[in-house]
1. Would you confirm, using the coordinates I've provided, whether GLN165 is closer than 16 Å to PHE220 by Cβ, in contact with a Leu (Cβ under 9 Å, 6 or more places away or on another chain) and among the polar types (S, T, N, Q)?
2. Could you please give the count of residues in the stretch 203-223 that are open to solvent by less than 40 Å² (accessible area, probe 1.4 Å) and touching an Asp or Glu at 6+ places or on another chain (Cβ under 9 Å)?
3. Name the residue that is nearest to the chain's Cα centre (by Cα), counting only residues in the stretch 141-180 that are at pLDDT below 95 and of a type in the set (A, V, I, L, M, F, W, C).
4. Kindly indicate whether LEU176 is out of contact with any strand residue (DSSP E or B) (no Cβ under 6 Å at 6 or more places or on another chain) and surrounded by 18 or more Cβ atoms within 10 Å (Cβ to Cβ).
5. Just to be sure, is LEU131 open to solvent by less than 60 Å² (accessible area, probe 1.4 Å), over 21 Å from GLU12 (Cα atoms) and in a loop (DSSP other than H, G, I, E, B)?
6. Taking PRO163 as the residue in question, decide whether it is open to solvent by 60 Å² or more (accessible area, probe 1.4 Å) and either of a type outside the set (S, T, N, Q) or without any contact (Cβ under 8 Å) to a residue 60 or more places away in the chain (or both).
7. Which one is most open to solvent (accessible area, probe 1.4 Å) among residues in the stretch 134-160 that are aliphatic (A, V, I, L, M) and in a loop (DSSP other than H, G, I, E, B)?
8. Scanning for something surrounded by 13 or more Cβ atoms within 10 Å (Cβ to Cβ), of a type in the set (Val, Ile, Thr) and closer than 30 Å to LYS134 by Cβ, does the stretch 52-65 turn up at least one residue?
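The values are calculated or read from the model by the stated rules, or taken from the named source; none is laboratory data. From a predicted model like this one, the values you see are computed outputs, not experimental measurements. Reconstructed Cβ throughout: ideal geometry from the backbone, glycine too, with neighbour counts over all protein chains shown. Accessible surface areas use protein heavy atoms only, side chains included; no ligands, DNA or RNA. Shrake-Rupley method; radii C 1.70, N 1.55, O 1.52, S 1.80 Å.
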Amino acid sequence: MHVLIIKNVFTEGPGTIADYLVAEKIPYTICDLSIGDTMPAQGSFTHLIIMGGPMAVYEMNRYSYLVNEARLIKAAIKAKKHVLGVCLGAQMVAHVLGAKVYPGQKKEIGWLEVALTPDGMSDPLISELALPDKNTAQVFQWHGDTFDLPLNTAWLASSDLFPNQAFRHTDRVYALQFHIEVTPAIVLDWMAQEPGFDFASITAESEKIFHAYRERAMKFYRGFFR
């Protein structure tokens, strides 16, 4: 097993994903396309992780590396590799599978709950994110774009503002609009770049829930990196 992690911007790294891989001694490579890293060959990895970023799928003319990233995702799915898209990464997976990606009505930022669909609650990975005795998951959101649900996918999670929060394609490809990989330090870093929000409240919530949040994320990773 070898994991390839694609970064689209320096500030959006793998967080607790890397923590899990290190703890389990799973080898991984981080490729930051925003600084010109060379994309590894298809045969060099078994699992592909696409991280987030402030750019949009429909801005490929401005961020040309997204074109090659889309090709990489498409080839990985075709080769039946395990693929996880987070935030922009989820939008890229939706795009590759033929769905439309577009701006939402407003940004969704902060610690918020998403409803897990019946397919989400029966999914062996997404169900691990559920709060105790609930069909909801508390997740960290930081996005303004959204996507239509691609054909031949299972709809896994939703919110009032953005109905398509997560989906699965086959049993190997997952797309999460939200962030399960964040740490309090990552949240703090992102908040510093976006004034106008309740900084103190979000920071306090990060510290309060992080231990349990991390444990649920680790259970998701355990299933994904099987």
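1. yes
2. 6
3. TRP142
4. no
5. For LEU131, the condition - open to solvent by less than 60 Å² (accessible area, probe 1.4 Å), over 21 Å from GLU12 (Cα atoms) and in a loop (DSSP other than H, G, I, E, B) - is met.
6. So PRO163 fits the description; yes.
7. My answer is LEU151.
8. No, the stretch 52-65 contains no residue that is surrounded by 13 or more Cβ atoms within 10 Å (Cβ to Cβ), of a type in the set (Val, Ile, Thr) and closer than 30 Å to LYS134 by Cβ.
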